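J.: Sharing a structure here in structure tokens format.
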Amino acid sequence: MTETVHVDLGDRAYDVRIGAGLIARAGAEIAPLLKRPRVWIVTEETVAGLHLAALEAGLRAGGVDSAALILPPGEATKSWPHLIRVVEWLLDQKVERRDMVLAFGGGVIGDLVGFACAILRRGVRFVQVPTSLLAQVDSSVGGKTGINTGHGKNLVGAFHQPSLVLADVGVLGSLPARDFRAGYGEVVKYGLLGDAGFFDWLETNAPAMAKGDLALRAQAVRHSVQMKADIVVRDETEQGDRALLNLGHTFGHALEAATGFSDRLLHGEGVAIGCALAFGLSARLGLCSQEDPSRVRAHLADMGMMRDLSDVPGDLPGADRLLALMAQDKKVVDGQLRFILARGIGEAFVAADVPVEAVQAVLQGR
Ligand code: GLY
């Protein structure tokens with residue numbers, strides 16, 4: 001069964017379709033949006049090896065031709081050189097403004113290709129076909145696109161909404177367990193930031209979901225996407241509420257930077273540790289009960305996930321260096337770090353006046 005979450009953004013509105021088997025039906029799903037029956041797929045080697053033939057066949061079955069550009073996998077692809085490569089390829093292919101580009105892969109491909117489409121001819125349409133859990137529940141929805149630079153993550157980018165998102169939960173079965181668990185960091189984030197009932201549901205159901213239950217996977221993706229869509233519709237360009245989606249990200253991005261955006265720590269792993277630290281900081285500041293961070297950490301432990309700084313393999317820099325890395329975050333306003341803190345599970349809010357000593361203490365494990 002396919003479910004639809006509508007992202008109601010007026011003339012930029014679109015559907016997120018969620019279900020198993022959507023890649024095989026991609027042509028029928030996408031054809032109604034096309035001005036000519038051809039699309040341009042940008043993907044990466046791992047996803048291409050596993051699923052590109054199925055996507056091309058699914059497009060052909062709906063009468064849609066395609067051409068594909070295959071990039072290297074990994075975070076390093078979200079960079080200036082690959083942005084240039086994508087844009088030049090699309091220009092070589094004579095892609096026009098009303099054509100459709102498909103971003104077929106995880107968050108790296110979605111962010112890079114979305115950004116290429118934002119700047120190509122001042123805006124070309126694109127469809128997100130996310131293949132990782134992280135991309136299905138978070139990065140493919142809401143129109144944030146961009147690349148990393150030497151200065152940090154996602155520092156160059158644009159808001160550019162997709163025309164459609166096809167989240168085929170069937171492909172999640174081909175994810176390495178570590179990637180699935182990392183994506184789960186973004187799922188648990190939704191319960192923690194705004195829906196205590198969803199967090200309860202995850203405590204009960206997430207272990208079976210991680211083992212492969214497709215119905216539970218579809219349910220978790222749908223609920224996460226609905227929560228994200230509701231927030232994005234309220235605050236598309238992050239003037240307020242959308243910042244809640246960054247729960248765990250200020251800590252997480254600093255940890256990712258400290259580990260060189262490498263395999264030592266995947267984005268969702270950084271977010272999971274970041275959520276545990278955000279609850280630790282909230283408890284230290286007397287905002288939530290001491291039990292809340294323990295409950296968060298116990299659930300992450302149940303899911304076999306990292307939850308403490310000491311879980312990150314290898315040495316980490318000290319608290320001062322981690323704080324300096326946080327200061328480069330986009331969430332800095334007037335030089336002040338903004339954190340997403342919580343008054344309890346499901347009750348996050350944006351805090352602009354967090355004492356630096358409290359952050360230091362949490363980073364030092366005091
Ligand atoms: N990933 C956070 C956002 O889309 O706002």
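J.: For the stretch 132-257, what number of Lys pairs, 8 or more residues apart or on separate chains, have alpha-carbon atoms under 19 Å from each other?
T.: Value for the stretch 132-257: 4.
J.: Once you place label points 7 Å from the Cα toward the Cβ at ARG121 and SER262, how far apart are they in nm?
T.: In this crude spin-label approximation the distance works out to 4.2 nm.
J.: Which shape class applies to the stretch 33-113: rounded if a/c is under 1.5, otherwise prolate when a/b exceeds b/c and oblate if not, where a ≥ b ≥ c are the square roots of the Cα gyration tensor eigenvalues?
T.: It comes out oblate by the Cα gyration axes.
J.: Oh, and also: Could you grab the relative contact order for the stretch 221-322? Cα pairs under 8 Å, six or more apart, rounded to a whole percent.
T.: It rounds to 22 percent for the stretch 221-322.
J.: Let me ask something else. Could you give log10 I(q)/I(0) at q = 0.07, 0.11, 0.13 Å⁻¹ for the chain, computed by the Debye formula over C-alpha point scatterers of equal weight, without solvent?
T.: For the chain at q = 0.07, 0.11, 0.13 Å⁻¹, log10 I(q)/I(0) is -0.28, -0.70, -0.99.
J.: Can I ask one more? Search the structure for amide H atoms under 5 Å from the amide H of LEU71, placed 1.01 Å from N in the peptide plane, and list their residues when 5 or more places away or on another chain.
T.: It is THR43, GLU44, GLU45, by chain and number.
J.: Among the aspartates and glutamates, which have Cα under 17 Å from the Cα of LYS94 when same-chain residues fewer than 8 positions away are ignored?
T.: Counting by Cα, and skipping residues close in sequence, LYS94 has these aspartates and glutamates nearby: ASP65.
J.: Check ASP65: other-chain or 5+ apart residues with amide H under 5 Å from its amide H, H built from backbone geometry?
T.: Here ARG38, VAL39 satisfy the definition.
J.: For the stretch 182-245, take N as its residue count and report Rg(C-alpha) divided by 2.2 N^0.38 Å.
T.: 1.15
J.: If amide hydrogens are placed 1.01 Å from N in the peptide plane, which non-local residues have theirs closer than 5 Å to the one on TYR14?
T.: So TYR14 has HN proximity to VAL7, LEU9.
J.: Normalised by the number of residues in the stretch 268-366, what is the relative contact order in percent for Cα pairs under 8 Å and 6+ residues apart?
T.: Value for the stretch 268-366: 31 percent.
J.: Another question, then. Kindly express, to the nearest 10 degrees and within the range 0 to 90, the angle between helix 249-258's C-alpha long axis and the longest C-alpha principal axis of the chain.
T.: Helix 249-258 sits at roughly 80 degrees to that axis.
J.: Debye sum, Cα scatterers, the stretch 79-211, no solvent: what log₁₀ I/I(0) at q = 0.12, 0.16, 0.18 1/Å?
T.: Cα-only, vacuum Debye calculation for the stretch 79-211: -0.52, -0.83, -0.98.
J.: Hey, what did the chain get for relative contact order, percent, Cα under 8 Å, at least 6 apart?
T.: Relative contact order comes out at 15 percent.
No value in this document is a laboratory result; all are computed from the given coordinates. All values reported here derive from a predicted model rather than from experimental measurement. Because the Cβ atoms are built from the backbone with ideal geometry, glycine has one as well, and the counts that use them run over all protein chains shown.
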